[in-house]
């Protein structure tokens, strides 16, 4: 493979040509292994499995044997491209047009991986190897259930006695332009399902039925009416959204037997998943016993199920890590980035249990969209920032 390892565009095109739709490896990890091996990294590609889930291949690569240890984390799996007719170019061709490179995963997040690899290669070319260790933690199911990827990869690395001093996740964090935003934490996430049991019947004889939607309406109000908190210095107020209400009923003259409600909460550091569950259970019980829509009836029969894996809210307080990255951004772009905890969740929620972690990457405006793309100029800018960050971080740990 003759790709110039200091050229982020060439590396990205190599990665984009691999159809690594989650959970398929698609050749992307093989490409990455070849590039990293040329830079002296020792590369492992462990496969993790769990019953009921697809096997997932991941990558861990490390160079250096002692000293401060900096990890870069990301994922090569991508979401499906969708309708190919919506794309201007083949989503797995890595086409460059009009100063942009098109492809599924260009922004999320093969572009970030390409930039960090090129940044490391440039650092070695100009300054020699860092006085410490550098690792790549690359998962293969971040866009999927996230069961056989980063969580197990971190445990696998830890079981071999490897520890990290800090980690940079290369997810696309910038809303409009490179230098807008560094993520220094994330809100927590909690999802739940509420099932209310009723009594099916004819709408003309309501006394013989018990409409579960009456109780579910009260439960919805109890969940949403009173704010969960007012936020904090680093976190916006927690927010609960009801995402679905369903009875499976297709008839207009039948009272349904049961009704389901799904919700998700993005929460601040005022809560842990456990304390938030307790508060939401209290609100659900309050709504189930509300007599206004069900006068004279006992509290509704309700079942609550917590779905997916809850994510804790977290905030990174490692000043050396934050200063090194923010200083690199400002030195290269002249812009002072916002330090934010906004947005969705990422694999940083797992990494923070192993070391301090921050996130910074490309502009994310087209991620998961048809014609996903990044500006070639942004690839160069991000590579320069990453190179400056590597130098600053290791200087701070000399």
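Where a number appears in this text, it was derived from the coordinates with a stated rule and is not lab data. This structure is a prediction, so every number in the text was calculated from the model and none was measured. All Cβ positions, glycine included, derive from the backbone under ideal geometry; neighbour counts span all protein chains shown.
General remarks:
- The alpha-carbon atoms of region 124-276, seen along their principal axes, cover 82, 34, 31 angstrom, with the largest extent given first.
- Span per principal axis, largest first, for the Cα atoms of region 277-398 (Å): 70, 40, 23
- DSSP-defined beta bridges in the chain - what % are antiparallel, rounded to 5: 70 percent
- The ellipsoid that matches the Cα gyration tensor of region 14-121 has semi-axes, each √(5λ) in whole angstrom, of 26, 19, 10, with the longest given first.
- Region 220-334: relative contact order as a whole-number percent, Cα under 8 Å and 6+ apart: 22 percent
- Normalising the average separation of contacting C-alpha pairs (under 8 angstrom, six or more residues apart) by the number of residues puts the relative contact order of the chain at 24 percent.
- Each listed q (0.12, 0.25, 0.26 Å⁻¹) maps to a log10 I(q)/I(0) for region 82-154, found by the Debye formula over equal Cα scatterers with no solvent: -0.52, -1.11, -1.14.
- On Cα atoms only, tilt of 111-127 relative to the major axis of the chain in degrees: 30 degrees
- Cβ-Cβ distance of residue 380 and residue 205, R₀ of 45 Å, FRET efficiency by 1/(1 + (r/R0)^6): the value works out to about 0.05.
- Calculated diffusion of region 254-305, Stokes-Einstein form, Kirkwood radius summed over Cα pairs, 10 °C and 1.306 mPa s, µm²/s: 121 µm²/s
- The chain: most fluctuating residue of 255, 13, 151 per GNM, C-alpha cutoff 10 Å: 255
- Counting only alpha carbon atoms, the long axis of helix 150-159 and the longest principal axis of the chain meet at about 60°.
- Length gained when the stretch residue 297-residue 163 is fully extended (0.36 nm per residue, less Cα-Cα span): 42.4 nm
- Two-decimal Rg/Rh across region 49-104, once Rg and the Kirkwood Rh are taken from alpha-carbon atoms: 1.14
- Cα Rg over Rh - region 124-178, Kirkwood: 1.06
- Pairwise Cα distances in region 188-311 exceed 26 Å in 26 percent of cases.
- Value of Rg to Rh for region 5-72 (Rh from inverse mean 1/r over Cα pairs, i.e. Kirkwood): 1.02
- For the chain, the fraction of alpha-carbon pairs in successive 20 Å shells from zero, as %: 26, 49, 21, 4, 0
- Spin-label model distance (nm) - residue 176 vs residue 86, 7 Å beyond Cα toward Cβ: 2.6 nm
- Projected-area average for region 235-277 over all orientations - Cα convex hull basis, square nanometres: 4.2 nm²
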